[in-house]
Amino acid sequence: MDFEGQFGKTMVEAGQSNDIEIQPLIDRGLRRGRALRARRVVGAAVGAAVVVALIPIGADQLTGLSSTPRPASSATTASSGRPSISGTQILGLLKGLLPPGSTSQQQAIGAGGGRPYDSSPRAQLVYDDGHGKAMIQLSSSQKDDTEVLGPTACPTGNPSYIVSCRQTKLGDGSTLMVNEETIGKSGLVWTASLVTGAGDQISLQEFNTATGQPGATVTRATPALTTAQLSAIVESTAWSPLFAAERAALPDGQPTQAQVMATARKLQPSGATFGGNDAMNQEGTASFPIIKGTNRQSSLIINVQYWPVNAGDEVRQQSFPQSSSTTLPDGTLIVTDQRPGNPMTVWDVQILRPDGTDVSLSEQCMHMPNTAVESPALSMAQLKTIALSPVWDRPAA
Amino acid sequence: MAPVVAEYLDFAGARTGHLYRSACLLTGGDTHLAEDLVQETLGRMYARWRRVSKADNPAAYAQTMLVHTFLSWRRLRSSGERPTDVLPETPSVEPDDAALRIALFDALAQLPARDRAVLVLRYWEDLSIEQTAAVLKLSAGAVSTRTSRALSRMRTQLGDDLASFVEP
């Protein structure tokens, strides 16, 4: 065997010698993936819609939301004449359709009314019928968006995680999918997903854990609602105001990727150079290297969204928990996070103006092994200065 | 969301071990960095799963993403590749598998990152020159040149008679 052949054989043997317990690594990857989505930095994803992960928060962090079930409320019509629906209204609709029980840890994002076009409406809460807490998540979309809804059709083949799945054509032309599957070792998730003849899609999922996360502690043997109850909820006509608001939503008014990049360049600190944008096809997000001297030292990702003033609570719930955010004298909320790490240090700054301007910055700095850890190119003070610059403010109408 | 998560977790369960082994080779045996690379790759796969799951070969997509993540991490701290004009002394190894593996990882660690990626793709992933070129966005000629150069350096590091370490 010649050297090349010997080397190839040795390479394979050396590679195969490295084993690791994969579950912790899978869990780390999932956490990282959820963080990427939650921070809306999936700019590298080609054409991916922004998905804002809903992270459960404590009841003490909720503002303006009642934990008491109440009758379903209807959507409102904005002064523009276009219907919209708030997160609170979606929660009201959902709770009005649930069987008697307590609810907590609610949060939701509405649709229309000037919300970012690609922020899909959704709601989640922890429901307890007296036999244990169960996470319930509702999502809706007008697009064929499995990232938001999960699949709306039964999978082909026989995936190991599927316990049962059936798909039914209803009399009104809708298609209902009811799916039962496992998640992790003993977790269960049951889903009812409806696609109407008009293309409206709504999905309701429930778990036998309080968080719905893989590996979460099981809080009850099975999810709280039967699949028949789940199906009845998604088939309810109560959702028509939600569908109407989604159909009426307009993409107008949000900053484009080019605008964010151009504005970022105006804020370039002396001594640092912002390189070319390398985020792909995600409106409102620019991602670029920061070069100092001749070295690329960090990457900076900037996302800008304009939320309607009356949707401020929806953003606050998901990104500005009271425990870690600060309110500035002008009412601006700011939250920062510094995660030193090897090989990657991440510094984040996010602000929310009283007028709904939401600016988030994430600076990432990689480290090579066996070298001293350096700080990212821009300091936290510089990141805050960029985030708080008035140049991001919503343009006057 | 959960069916998507479950589908993703099935994929991760099937591929994480291989990704980790690839990452160990790419990092020249730095297992901590290898874990971080796999974590980042899995995270990016999850964030893009809607699109990725529709790809013809999600496993190959993940492998490409791992290599790109590795190379981009290298670039962030260095304007160029590691200088390799001064090679370290050839390690003294015992003719057994463990010693050979250590020697191989040490030798890989001395290569420029892109040359290491070429070797991993060609001899671990068993990709053709053309496939390797596609992953690394190089010309086929550049891959051939880098392969020859890297093999030459590996021969210097490991010795001509690698066969004495390889089980028949």
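Quick rundown of the values:
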{"item": "Burial order of peptide ranges B:103-110, A:261-268, B:26-33 (average beta-carbon count within 10 Å, highest first)", "result": "B:103-110, B:26-33, A:261-268"}
{"item": "Ordering of A:129-137, A:166-174, A:252-260, B:36-44 by burial proxy (mean other Cβ atoms within 10 Å per residue, highest first)", "result": "B:36-44, A:129-137, A:252-260, A:166-174"}
{"item": "Packing rank of A:2-13, A:192-203, where each peptide gets the mean count of other beta carbons within 10 Å, highest leading", "result": "A:192-203, A:2-13"}
{"item": "Simple label model, 7 Å out from Cα along Cβ direction - B:Ser144 to A:Ser270, nm", "result": "5.3"}
{"item": "Summed buried accessible area for B+A [probe radius 1.4 Å, Å², rounded to 100]", "result": "5900"}
{"item": "Peptide B:15-24, shielding by other chains (average Cβ, 10 Å cutoff)", "result": "5"}
{"item": "Label zone at A:Ala262, where the point sits 7 Å out along the Cα-to-Cβ direction: segment A:299-314 residues whose backbone N lies under 19 Å", "result": "A:302-306"}
{"item": "Other protein chain Cβ atoms within 10 Å, averaged over every residue that makes up A:354-363", "result": "0"}
{"item": "Shielding by other protein chains, B:32-39, mean Cβ within 10 Å", "result": "6"}
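The values are calculated or read from the model by the stated rules, or taken from the named source; none is laboratory data. Because the structure is a prediction, the values reported are computed rather than measured. Ideal geometry is used to build each Cβ from the backbone, glycine not excepted, and the neighbour counts take in all protein chains shown. Side chains included, ligands, DNA and RNA excluded: accessible areas come from the protein's heavy atoms. Shrake-Rupley method; radii C 1.70, N 1.55, O 1.52, S 1.80 Å.
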